[in-house]
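The values are calculated or read from the model by the stated rules, or taken from the named source; none is laboratory data. The structure displayed is predicted, hence computed values, not measured ones. Cβ placement follows ideal geometry from the backbone for every residue including glycine, while neighbour counts extend to all protein chains displayed. Please note that ligands, DNA and RNA were not included when accessible areas were found on the heavy atoms of the full protein model with its side chains. Shrake-Rupley method; radii C 1.70, N 1.55, O 1.52, S 1.80 Å.
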Amino acid sequence: MAENHQLWGGRFTAEPSEYVQSFGASIHFDQKMAAEDLHGSLAHVAMLKHTGILKGDEADQITAGLHTLQHKLAAGELHFTIENEDIHLNLESLLTAEIGPVAGKLHTARSRNDQVATDMHLYLKNQLHTILDLIVKLQKVVVDKADQHVETLMPGYTHMQHAQPISYAHYLMAYYEMLQRDYDRFEFNLKHTDRSPLGAAALAGTTFPIDREYSAAQLGFTDVYQNSLDAVSDRDFILEFLSNCAQLMMHLSRFCEEIILWDTQEFQYVELSDTYSTGSSIMPQKKNPDMAELIRGKTGRVYGDLMGLLTVMKGLPLAYNKDFQEDKEGMFDAVDTVEQSLTVFRGMLATLTVKTDNLAHATSHDFSNATELADYLASKGLPFRQAHELVGELVLKCIQEHKYLKDVSLADYQALSPLIAADVYQALDPRTAVARRNSLGGTGFDQIKKQIAAAKAHLQ
C-alpha cells in the first residue's frame, strides 16, 4: 500500500500529485508570517507549560528549538518547501529537525485553523501601527505646507469650474481632515485585530485544560474571541482593514489627480520636484508626474484586494474552509501598496513647489468674485435671489465685452443698482473675499490659522 508522508497524512494511502501540491501550497506567500508563527508558537508552548499540559523539560526543549528557528530566520538561514505546504508545517518540520520528535507535542490543543488566524492578527496588528504612524507623518507635511501658504490665494472649484477664491492652506487642510478620518478608521480597526483566536483549535475548542487568556497576554492581545467557531472563521478585521485602505487610497488618488492637473502647462499651479518625476524615452522636454500617476493607479489594485476577499467570504459556511487561503495575498498587497504610497506621497508633497503668482493671477482673472457682489447687494437689503439674477446678467455682459467685474466702472455699477457704492471694489478683491469668510470652518485667514493650530496640537 502506498503511503502519504505529509504531517497530516495518516488516513491517506497516496501522495498528492506534484501539480496538486503546488496548487494547494501557500508557502510562497504565507512565509511572510514566519516571525508571527514562531511568536505564536512560543506563546502556545508557554501556556502548555503554565497549565501543566506539557512537562517543563519538554516545553523548555521546544522553546529552545523555537528560539533557534527565530535566530535562523533573522539570519536568512531557513529554507521552506512546497512539500510542507504552508508556513506552519514548514516550521514544524524544521523544529522537528532541530529537536526531534518532541516537536510534535507543540501542536497539542492547537489546529492550523487557530494558528493561521493568530498569525494574521499578529501580522496585521503590527502593520496597523506602521500605517497609523505613516498617516501622522503625512499629516505633518500637509500642516507644515498649509502653514506656509495661509495667505496664498487660489480658485476654489466646483464642477472643475472656478467657484470662489480660497486659501491654498484651506485646500490642503481639507486633505488633513480626510487623513484624520482615515487614521480614526485604522485606529478602530485595531480593536477588532487586537483579539486572540489561539486556543479555538479546529473549530470547537479543546478538551485540554488550556488558558487562552494566558497565551493572549503572552502575545500582547487585549482580548480573546468568545466563540471558537467565530475565532477560526472571522476575517472581518481584514475586510475592515482593506476597506480602510481603499478609502485612504481614494483620498490619495484625489489629491494626486489635482497635482497631475495642476502640474500641466494649462494650469501651472504647482511643480513637482525632479526627484518625484520621470522623463520620456523619445520626447526630451517631458517631465512626467509618474509617482502621482502610480499612486492614482495603485488605488485600483487595493479596491481589487477588497472586492477579492468580499467575494471569497460571501458564500462560506462555518467554520474553516480552504478558501481562506485566498485571504492573505490581498492583505499583504494592500499593506505594501498603502505603506509605499504614503511614503512616496509624503516626499512628493514636501518637495512640491507652489506657484503662488499663477494661483493669484487665476483668482483675479475670473468671475469667482461674483458671489461677493451678490452678497454685497444682499447685505444692502436687496433679496439675494434678485441680487443673484442681477449679477448673473452682469457677468454675461462682461464675458461679451471681454472684461471682469473689477473692470466695470462705478457708474455702470450704480446703473445696475443704486445700492452700489465705491466700496464695491474692495468687496470684489479676492483677498478681501477670502479674509471675510470667517464662519466656522471657512476659508478666512483667521479660521485657517485656527485649523492649523488645532491640527498641530492634535499631532503632538
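Quick notes
- For segment 236-283, the C-alpha radius of gyration sits at 1.65 times the compact-globule guess of 2.2 N^0.38 Å, with N the residue count.
- In this Cβ point-charge picture (+1 for Lys and Arg, -1 for Asp and Glu), segment 140-253 has a dipole of about 200 debye about its Cα centre.
- Among Ala35, Tyr175, Leu69 the positive-end extreme of the charge dipole of the chain (Cβ point charges): Tyr175
- Legend: residue pairs Lys137/Lys355; Lys49/Lys72; Lys32/Lys72; Lys298/Lys322; Lys72/Lys328, Cα-Cα distance threshold 21 Å; pairs beyond threshold, Lys137/Lys355; Lys49/Lys72; Lys298/Lys322; Lys72/Lys328.
- Degrees, to the nearest 10: 445-459 long Cα axis against longest axis of the chain: 10 degrees
- Per-residue Karplus couplings for segment 177-194, computed as 6.51 cos²θ - 1.76 cosθ + 1.60 with θ equal to phi - 60°, are listed in order as 5, 4, 5, 5, 5, 4, 4, 4, 5, 5, 5, 5, 4, 4, 4, 8, 8, 7 Hz, Gly and Pro entered as x.
- Stokes-Einstein D (µm²/s) once Rh is taken as the Kirkwood radius of segment 31-84 over alpha-carbon pairs, at 4 °C in 1.567 mPa s: 108 µm²/s
- The slack in the chain from Asp211 to His79, taken as 0.36 nm per residue of separation less the alpha-carbon distance, amounts to 44.3 nm.
- For segment 64-108, diffusion coefficient by Stokes-Einstein and Kirkwood Rh (Cα), 20 °C, 1.002 mPa s, µm²/s: 200 µm²/s
- Note on the chain: with charges restricted to the Cβ of Lys and Arg (+1) and Asp and Glu (-1), its dipole about the Cα centre is near 1040 debye.
- Comparing the chain with the 2.2 N^0.38 Å rule of thumb, its C-alpha radius of gyration ratio is 1.36 (two decimals).
- Between Asp57 and Thr351, the modelled labels are 6.3 nm apart [label points 7 Å from Cα along Cα→Cβ].
- Binned Cα-Cα distances of segment 259-369, short to long, each 10 Å bin given as a whole percent: 12, 29, 24, 18, 11, 6, 1
- Relative contact order [Cα under 8 Å, 6+ residues apart], the chain, whole percent: 16 percent
- Placed amide H near Val224: partners under 5 Å, 5+ positions off or other chain: Ser196
- Per-pair calculated FRET efficiency, R0 = 56 Å: Gln414 and Asp336 via Cβ, rounded to 0.05: 0.30
- Share of Cα-Cα pairs in segment 93-180 lying beyond 15 Å, as whole percent: 74 percent
- Hz values of 3J(HN,Hα) by residue in segment 417-422 - Karplus curve (6.51, -1.76, 1.60), Gly and Pro given as x: 7, x, 6, 7, 10, 5
- Taking the longest Cα principal axis of the chain as reference, the axis of helix 34-50 is set at about 50 degrees.
- Amide H contacts under 5 Å for Ile166, placed H, 5+ residues apart: Met154, Gly156
- Here the gap between Asp236 and Met283, fully extended at 0.36 nm per residue and compared with their Cα-Cα distance, gives a gain of 12.1 nm.
- Vicinal HN-Hα couplings computed from phi for segment 20-31 (Karplus, 6.51 cos²θ - 1.76 cosθ + 1.60; Hz; Gly/Pro x): 5, 4, 5, 5, x, 6, 10, 4, 5, 10, 7, 5
- Convex hull of Cα atoms in segment 153-279, direction-averaged projection (nm²): 12.5 nm²
- Pairs of Cα atoms nearer than 8 Å and 6+ residues apart set the relative contact order; for segment 238-363 it is 35 percent.
- Helix 236-262 axis, angle to the chain major axis (alpha carbon atoms, nearest 10°): 30 degrees
- Using a probe of 1.4 Å, the accessible surface attributed to Glu329 totals some 80 Å² when neighbouring protein chains are kept in position.
- Measuring r between the beta carbons of Met160 and His402 and using R0 = 22 Å, the FRET efficiency lands at 0.45.
- Largest to smallest in accessible area, the residues Arg181, Arg436, Arg112, Arg385 fall in the order Arg385, Arg436, Arg181, Arg112 (1.4 Å probe, all protein chains included).
- Ala435/Phe23 FRET efficiency (R0 60 Å; Cβ-Cβ; nearest 0.05): 0.35
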